[in-house]
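Asker: Before I ask anything, here is the structure I am working with.
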Amino acid sequence: MTDLVSYLDLANHRPETTEGEIRELCLKVQEFNFNSAFVNAYYVGLAKSLGVRVGTVVSFPLGGETVAMKVAASRAAVLSGADELDISLNVGSIKEAKWEASLGEMKEIVLAVRSLNKRTIIKFIPETGYLTEDEIRKSAELILESGADFFKTCSGMGPRGATVGDVRVVRDAVGNKLKIKVAGGITTYEQVITFIEAGADRIGTSHAVEIIRNG
């Protein structure tokens, strides 16, 4: 698969990450032509200045901030130069079937981001490891309704990483109307191919270089 690199976001969300490591990350994104460098919000400006496409995370990985805090963080990330936002949802609201509240949160964030930059890619993370299939399905339907671009399965810091089953449930719920990003524990070329064949549009991993070299 010659365009495999376009599926890969090279990520570094470790708390101890240094400026030097972000510079190295961005050099690898340029060298291999990965889709983007995914960094913590503090480093968005630096990564953008290094000439790569930049993604960052909001309310990550717990999703427990207020809507106002998520909106403020999303806006700040866009103003810093982020091209893509991966935003953790309030899992408790999903588990309690507070669908109106969950959709309202997403719509408010989407509106705030789109008012600054209509081209910013928005992904919502419901953290599938905590959810039943019915909850995954309903979350996918609401993410589609919110106007976001992607359903992202996991933060990579929840109870498990992405599964092919997650992708299939989302595809069954919304077809091709919503893109899917998978993340969490994806370290091999074989895993990447399996997820893409199942219907994933994007792969988040800190092992993108090894995946390409060993493919």
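The values are calculated or read from the model by the stated rules, or taken from the named source; none is laboratory data. Bear in mind that the values here come from a model prediction, so they are computed numbers and not experimental data. Every residue, glycine as well, gets a Cβ built from its backbone with ideal geometry; the counts of neighbours run over all protein chains shown. Note: accessible area is taken over every heavy atom of the protein model, side chains too, but ligands, DNA and RNA are not part of it. Shrake-Rupley method; radii C 1.70, N 1.55, O 1.52, S 1.80 Å.
Asker: Does any residue in the range 119-139 that is within 28 Å of A82 (Cα to Cα) and in a helix (DSSP H, G or I) come within less than 6 Å, Cβ to Cβ, of a residue that is at pLDDT 95 or above and among the hydroxyl-bearing types (S, T, Y) six or more places away or on a different chain, and which pairs are these?
Answerer: T128/T153; I136/T128
Asker: Of these, E141, E133, E145, which one is of a type in the set (D, E) and surrounded by 17 or more Cβ atoms within 10 Å (Cβ to Cβ)? So that I can check it myself, show each step before the final result.
Answerer: Values: E133 fails: surrounded by 17 or more Cβ atoms within 10 Å (Cβ to Cβ); E145 fails: surrounded by 17 or more Cβ atoms within 10 Å (Cβ to Cβ).
Checking each option against the conditions leaves just E141.
Asker: Let me ask another. Counting only residues that are in a helix (DSSP H, G or I) and small (G, A, S), which one in the range 1-35 is surrounded by the most Cβ atoms within 10 Å (Cβ to Cβ)? Full working, then the answer.
Answerer: First pass over the range 1-35, keeping only residues in a helix (DSSP H, G or I): 4-7, 19-32.
With small (G, A, S) added as a condition, the list becomes 6, 20.
Values: S6: 12, G20: 8.
Among those that are in a helix (DSSP H, G or I) and small (G, A, S), it is S6.
Asker: Do the conditions hold for K48, that is, is it in a helix (DSSP H, G or I), touching a Gly at 6+ places or on another chain (Cβ under 6 Å), open to solvent by 30 Å² or more (accessible area, probe 1.4 Å) and at pLDDT 95 or above? Spell out how you get there, then give the answer.
Answerer: On the way: in a helix (DSSP H, G or I): yes; touching a Gly at 6+ places or on another chain (Cβ under 6 Å): yes; open to solvent by 30 Å² or more (accessible area, probe 1.4 Å): yes; at pLDDT 95 or above: yes.
Yes.
Asker: Of the residues R168, R160, which single one is open to solvent by 70 Å² or more (accessible area, probe 1.4 Å), within 22 Å of E65 (Cα to Cα), of a type in the set (K, R) and in contact (Cβ under 8 Å) with a residue 24 or more places away in the chain?
Answerer: Details: R168 fails: within 22 Å of E65 (Cα to Cα).
Just a single option satisfies the conditions, and that option is R160.
Asker: Going through the range 152-187 one residue at a time, which ones are in contact with a Leu (Cβ under 9 Å, 6 or more places away or on another chain), under 14 Å from G204 (Cα atoms) and among the hydrophobic types (A, V, I, L, M, F, W, C)?
Answerer: Answer for the range 152-187, where residues must be in contact with a Leu (Cβ under 9 Å, 6 or more places away or on another chain), under 14 Å from G204 (Cα atoms) and among the hydrophobic types (A, V, I, L, M, F, W, C): just M157.
Asker: Do we find that R75 is open to solvent by 60 Å² or more (accessible area, probe 1.4 Å) and out of contact with any helix residue (DSSP H, G or I) (no Cβ under 6 Å at 6 or more places or on another chain) in this structure? Outline the logic, then answer.
Answerer: Working: open to solvent by 60 Å² or more (accessible area, probe 1.4 Å): yes; out of contact with any helix residue (DSSP H, G or I) (no Cβ under 6 Å at 6 or more places or on another chain): no.
Taking the combined requirement at face value, the residue does not satisfy it.
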